[in-house]
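One structure follows; several queries about it will come next.
The values are calculated or read from the model by the stated rules, or taken from the named source; none is laboratory data. Everything numeric here is computed off the predicted structure, so don't read it as measured data. Backbone-built Cβ (ideal geometry, glycine too); neighbour counts: all protein chains shown.
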Amino acid sequence: MDERVGIIGVGWAGYRPLTPEVSYKELMYEAAVKAYADAGVDPRRDVDSFVTVAEDFIEGTSIFDEYVPDQIGGVLKPVHTIGGDGLHGLATGVMLILTGQAEIVVVEGHSKASNVLTLPHIVAYAQDPILNRPLGWHSSFIAGMEMNRYLFDTGTTIEECGSVVVKNRRNALRNPLAAYGADLDLEEALDGPPLAWPLGERMAAEHADGAIVVVLASAERAEALCEKPVWVLGVGWCNGAASLESREWTYPVYIEAAARQAYRQAGIRQPRLAIDFAEIDDTYAYKELQHMEALGLCRPGEAGALVEEGATEPEGELPVNVSGGSLGMGDLLDANGLARALEAVLQLRGEAGPRQLEEVEIGLVQSWRGVPTTSGAVAVLAN
Amino acid sequence: MTEKITQFPGTPLREADFEGGKILFRHDRMKAEYAWDTGIAIGRYLAALKEGYLLGGYCATCRKTVIPPRTVCEWCFRPMEAFVPLEDTGTVNTYSLCYVTWDVKRIKEPEIPAVIEIDGASPLHGILHKLGEVEQEAVHVGMRVQAVWKPAEEREGAITDILYFKPIEGGAK
Amino acid sequence: MSLLKRDPQAPPAWRGDLPVSSRYTFGLAGERFFRALKDEGVIYGSHCPRCEVTYVPARIFCERCMAELDDWRDVGTRGEVHTFTLLFADLNGGLMDEPELVAFVRIEDGGLVHRLGEVDPEEVYIGMPVEAVLKPKEEREGSITDLAYFKPI
Amino acid sequence: MGMRKVAVVGAGMTKFVRRAQETGKELAWQASRMALGSCELTLDDIEAICLGTAPDSFDGVHMKAEYLSDGAGGWGKPFMRSYVGGGTGVFAPIQGWYHVASGLFDVVLVVCEEKMSSYHPHAQGAFLTIFDHTTERALKPNLLWIFALEMNRYMQTYGISKEDIARVAVKNKRNAADHPCALLGDPDITIQDVLNSEVLAWPVNRLDVSPVSDGAVALVLAAEHVAKRVTDKPVWIQGVGWSLDTAYWANRDLAYPRYVEYAARMAYEMAGIKEPRKEIHIVEPYDPFDYKELHHLEGLLLADRGQAPRLTADGVTARDGDMPVCPSGGLLGVGNPIAAAGLMKVAELFWQLRGEASARQVPGQPKRGLAQAWGDLMQVGTVVILGINP
């Protein structure tokens, strides 16, 4: 990218299974106030455009973007909603700045999953209404089938998937933002009821409430406003096949394509060598392994072994999900991408406290929109 | 259309095509239930409704009183200063005589939705509600109205704790 | 953050729903595919000559090149288990006592997602050849459930 | 502005119908295929997809974009959905604009789709859920309420009669008789027909309202160097603007759409327009209800407040008037599949400015057109300005 875009402020709120003391507006407001203080900007005066990510049926309101501007300071300003993940929102903010039309853009994502009483029914309503939904199944059947084929084709073992759970939930113990930290051994991680064999319940992230706001700025404004901006070197996003019947079940080609787009912009040819740490989607444990391979951090089938050898531990050669990931922090639905980006920003600023990694310069962030989608996004951040 | 394009796709159906097996179709219904956290401002607003009064919010920077209350002023982005109990009287800002229900059933006696500017809030600051005990012809913009509350024991902390707003005779209030 | 105090007496949450009731047509492709399944017990695929892909179930457009697909062909009722799962989770967040044995059965370059029947879960393996078992004609109504399950050949 | 120039180079659309047999995917494909064909490009030439579609409750699919993605050409491509309620149809080309103007892509496909007939028994039922779930929905409001409340406020504030407003419905439905995709084109409709039509929510009568519809529209956008190679008549995106007002719609005056003004000023500034009434030659404001065309013309600064009705009465806004408004036939005539309705207006400007609108062609040499959409709780304005000069 000839022009650089900087992250000059981040703010968050929640990260707990329940946040009954605040409404969704107040949760968003808390994250926004922190982000604006961190960036040193006044939304009413300095911010040119606002981007939020949300889905109507999760919020329980049609045309949810109506209820966004007031609590993030966007009234009578350019505000628009992207039906995608937080990283789709981040990529949108980057594009707005690169047009030259906007200098400071705010990106927001949140989850109030605790307010949704029938989430499996709603997620099932994303299935094809003619081909799949009449069978009346919980959407985890899609993840179960994908995991089974992934293990079959790559030789990855269930134990290797279990070791991802152990790693991420232990990492979460050193992250005050993580709701699901735990000290488990492999046996405990593999135990528990099955969701959709071979996918066990403990290999699927529990949901959490939370809001994240990120303030982006053009290179010029970023340097003026912030001594240590975190630079967005590249962004990429891609969709695969919409239908279950024509998609590729082993390898998420769309994640590879999104990563290629981001790496090309960032000038990265050897991701394994250039990337210092990664925050990757782990909505299901096998996904972290599958995504590592699609992101070119290792060859297909190699991710499992890397995790078991400890290569992706915080002290390993390629730390993955030091934050605890979704397994450790909780699944924030479409805000997951921003949760991953938030950890990367804190690491690259040296503000990650007890889980701070030494001398990190380039972080990889990746997200996936969950079943039944084949939609993912990638960002390469650097300090 | 462009001269080049003559034929446009799209296969229109009539309601009758859905009978007698002419075309295949299926019904479905989404089970989507929620418990939306009311939080600080709206929680208090509902509690006030239960106690039988309307609650607003005051922004000290903009010197404005708004309803319903919110924790941040959308204009200056400063935290709202205080809750402000308001009157249950107001002025009709606009209204309609609606002969169709939300699920498109025709009704003979129209519902009369209205935006009612609430006394005690800043000008143009009102809420959506309905008018009652009023002749259709009498309703007009600027009409003075007062809330008719459910009896205290029936109130549950909801906007429907107010049954409707009725005209104030002679606009004394 | 906020200067306003939270009222512990206030009702913590407002219960409500999002009423969505839908009526779906099957589409131009679905109408033809499911009527053939219902009336003749035939499974159709459609072929894109440019991309050399045969979609199952048949569709009227190729997702890769947007060409219209009018080369529809009977792809038979046999396929192989591309992947499968034993589904325990139910839509109300509980666990089913009787799990569902669900598979994606590969037919040509596509396939169908459905139950496996007349087989024990332990016997199922990726690559297993299977065959569609349709409900009797008079019970069929033009739906994915006209197909009862796939069974091992 | 030194930004990268972006042009519309192709367009396609389906008929707008009351109930389509096609699935939403198939409608999106039909429009996308025609748009690609209109400029002789294939899906391989497209680098990213911008999808616009409004409430998921209409098509009846959660995360509707993912379901529609293959029909919109999203297989194996960067694909994103923008969603600003009724404003989506004019916002989607703005989304396409920033994809290309950012330098990340050279050619993008913008697709808008809506299938309202999948909501059963009637699409109006879905609109209950746009109201605040805690403070308004218990009153069982319907969409007609807020239109009727806004229309009444507008009429009372400026002393506008129902006849003034009905004149817009007549103009647009007659214009739509020349639109091959129109659902309600009617060359013979009269003001009396509109006034005598059944009262839904006074002052709104049945013929004041655009019909619930199914349909899809698609555009191909390209960067300057590609656009000039693909067509000899590229239509340039000269200005974009959008603005979202507070959700507290009962805390502001509904007589004037200030958010439309903010969006218009943003677009005028980008396009370098000082005298909109002189420099805009064709206007396609959002007309889901007839009074909205007038309300929006004023918000767009193309008429003084309360004066838009006089322009209509004097024939200024007729197809052969000084400032043709809704020559397409608008939502009132062509139909209102929400997101696709907004993009239909942008496609209309594309065809008009290339002189390819056949029976609907505006006389003279129009150089610049403005399309505008509106939505949410009377709250969002989206504006796009197209012109034949870069």
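Take the conditions touching a residue at least 60 places away in the same chain (Cβ under 8 Å) and either in a helix (DSSP H, G or I) or more than 19 Å from the chain's Cα centre (by Cα) (or both) and apply them to D:Gln352. Does it pass?
The answer is yes for D:Gln352.
Per-residue answers, yes or no, for (1) over 24 Å from D:Asp214 (Cβ atoms); (2) not polar (S, T, N, Q):
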position: D:Trp145; (1), (2): yes, yes
position: D:Ala148; (1), (2): yes, yes
position: D:Asn152; (1), (2): yes, no
position: D:Ile160; (1), (2): yes, yes
position: D:Glu163; (1), (2): yes, yes
position: D:Arg174; (1), (2): no, yes
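I'd like to check which strands (runs of 3 or more DSSP E) are fully inside region C:42-153 and have at least 1 residues that are at the interface with another protein chain (Cβ under 8 Å from one of its Cβ atoms), over 29 Å from B:Pro9 (Cβ atoms) and touching a residue at least 12 places away in the same chain (Cβ under 8 Å).
Answer list for region C:42-153: C:78-89, C:95-107, C:110-115.
Restricting the search to region A:97-119, which residues are part of a helix (DSSP H, G or I), closer than 22 Å to A:Gly376 by Cβ and in contact with an Asp or Glu (Cβ under 8 Å, 6 or more places away or on another chain)?
A:Leu98, A:Ala113
Restricting region B:26-67 to residues that are within 20 Å of A:Leu18 (Cα to Cα) and touching a residue at least 24 places away in the same chain (Cβ under 8 Å), which is nearest to the other protein chains (Cβ to nearest Cβ)?
The qualifying residue nearest to the other protein chains (Cβ to nearest Cβ) is B:Gly39.
Are any of the residues in region A:237-253 over 15 Å from the mean Cα position of the chain (by Cα), among the acidic types (Asp, Glu) and within 23 Å of A:Ala196 (Cβ to Cβ)?
Taking every residue of region A:237-253 in turn, at least one turns out to be over 15 Å from the mean Cα position of the chain (by Cα), among the acidic types (Asp, Glu) and within 23 Å of A:Ala196 (Cβ to Cβ).
Would you mention how many residues in region B:105-127 are facing chain D (nearest Cβ under 7 Å) and either surrounded by 16 or more Cβ atoms within 10 Å (Cβ to Cβ) or in contact (Cβ under 8 Å) with a residue 40 or more places away in the chain (or both)?
Number of matching residues: 5.
Still on this structure: Identify, by number, the condition in (1) over 29 Å from A:Ala126 (Cα atoms); (2) not in a helix (DSSP H, G or I) that A:Ala179 doesn't meet.
Checking A:Ala179 against (1) over 29 Å from A:Ala126 (Cα atoms); (2) not in a helix (DSSP H, G or I), the one that fails is (1).
Now for a different question. Is at least one residue of region A:107-124 outside the structural domain of A:Arg369 (by TED's automatic domain parsing) and of a type in the set (D, E, K, R)?
Yes; the residues of region A:107-124 include at least one that is outside the structural domain of A:Arg369 (by TED's automatic domain parsing) and of a type in the set (D, E, K, R).
Let me ask another. Out of the helices (runs of 4 or more DSSP H) lying entirely within region A:266-355, which hold 3 or more residues that are closer than 28 Å to D:Leu104 by Cβ?
So the answer is A:271-274, A:285-294, A:336-349.
For region C:7-31: of the residues being away from chain D (no Cβ under 11 Å) and surrounded by fewer than 19 Cβ atoms within 10 Å (Cβ to Cβ), which is farthest from A:Gly11 (Cα to Cα)?
That would be C:Gln9.
Same structure again: Check every one of the helices (runs of 4 or more DSSP H) wholly within region D:116-224 and list those with 3 or more residues that are at the interface with chain B (Cβ under 8 Å from one of its Cβ atoms).
The helices (runs of 4 or more DSSP H) meeting that bar are D:143-158.
Output the residues belonging to region A:56-91 that are at the interface with chain D (Cβ under 7 Å from one of its Cβ atoms), in contact with a Gly (Cβ under 6 Å, 6 or more places away or on another chain) and farther than 24 Å from D:Arg137 by Cα.
The one that is at the interface with chain D (Cβ under 7 Å from one of its Cβ atoms), in contact with a Gly (Cβ under 6 Å, 6 or more places away or on another chain) and farther than 24 Å from D:Arg137 by Cα: A:Ile82.
Follow-up. Looking only at residues in region A:134-158 that are in contact with a Ser or Thr (Cβ under 6 Å, 6 or more places away or on another chain) and more than 7 Å from chain C (Cβ to nearest Cβ), which one is surrounded by the most Cβ atoms within 10 Å (Cβ to Cβ)?
A:Tyr150
Which of the following residues is within 14 Å of chain C (Cβ to nearest Cβ), farther than 29 Å from D:Leu51 by Cβ and outside any helix (DSSP H, G or I): A:Leu184, A:Leu195?
One residue alone meets the criteria, A:Leu195.
Has region A:348-360 got at least one residue that is touching a strand residue (DSSP E or B) at 6+ places or on another chain (Cβ under 7 Å), within 18 Å of A:His207 (Cα to Cα) and either buried (at least 24 other Cβ atoms within 10 Å of the Cβ) or in the same structural domain as A:Ala262 (by TED's automatic domain parsing) (or both)?
no
Is it the case that region D:254-266 has a residue that's basic (Lys, Arg) and touching a residue at least 40 places away in the same chain (Cβ under 8 Å)?
Checked region D:254-266: at least one residue is basic (Lys, Arg) and touching a residue at least 40 places away in the same chain (Cβ under 8 Å).
Restricting to region A:225-244, give me the number of residues that are surrounded by fewer than 22 Cβ atoms within 10 Å (Cβ to Cβ), at the interface with another protein chain (Cβ under 9 Å from one of its Cβ atoms) and not in a loop (DSSP other than H, G, I, E, B).
0
Which condition number does A:Glu220 fail, the rest of (1) in contact with a strand residue (DSSP E or B) (Cβ under 8 Å, 6 or more places away or on another chain); (2) away from chain D (no Cβ under 12 Å) being met?
Exception for A:Glu220: condition (1).
A further question follows. Report those strands (runs of 3 or more DSSP E) wholly inside region B:1-107 carrying at least 1 residues which are of a type in the set (D, E, K, R).
It comes to B:25-30, B:33-37, B:64-66.
Take the residues of region D:292-338 that are on the phi > 0 side of the Ramachandran plot and over 20 Å from the mean Cα position of the chain (by Cα): which is surrounded by the fewest Cβ atoms within 10 Å (Cβ to Cβ)?
My answer is D:Gly315.
Within region C:70-117, take every residue that is touching a helix residue (DSSP H, G or I) at 6+ places or on another chain (Cβ under 6 Å) and among the β-branched types (Val, Ile, Thr) and give me the one that is nearest to A:Ala196 (Cα to Cα).
C:Thr85
Filter region D:251-283 for residues that are within 14 Å of chain B (Cβ to nearest Cβ) and charged (D, E, K, R); which is surrounded by the most Cβ atoms within 10 Å (Cβ to Cβ)?
So, considering only residues that are within 14 Å of chain B (Cβ to nearest Cβ) and charged (D, E, K, R), the one surrounded by the most Cβ atoms within 10 Å (Cβ to Cβ) is D:Arg252.
Which one of the conditions (1) over 15 Å from A:Ala379 (Cα atoms); (2) more than 12 Å from chain D (Cβ to nearest Cβ); (3) among the small types (Gly, Ala, Ser) does A:Ala266 fail to meet, given that it meets all the rest?
Against the list (1) over 15 Å from A:Ala379 (Cα atoms); (2) more than 12 Å from chain D (Cβ to nearest Cβ); (3) among the small types (Gly, Ala, Ser), A:Ala266 comes up short only on (1).
So which residues in region D:21-78 are among the hydroxyl-bearing types (Ser, Thr, Tyr), within 18 Å of A:Pro129 (Cβ to Cβ) and in a loop (DSSP other than H, G, I, E, B), if there are any at all?
Within region D:21-78, D:Thr23, D:Thr53, D:Ser69 meet the criteria.
Determine whether A:Val105 is crowded, with 24+ Cβ neighbours inside 10 Å, farther than 28 Å from B:Asp37 by Cα, more than 17 Å from the chain's Cα centre (by Cα) and at pLDDT 95 or above.
Answer is yes for this residue.
Would you mind telling me which numbered condition in (1) in contact with a Phe, Trp or Tyr (Cβ under 8 Å, 6 or more places away or on another chain); (2) under 30 Å from A:Leu98 (Cβ atoms) A:Ala196 fails?
Just one mismatch for A:Ala196, condition (2).
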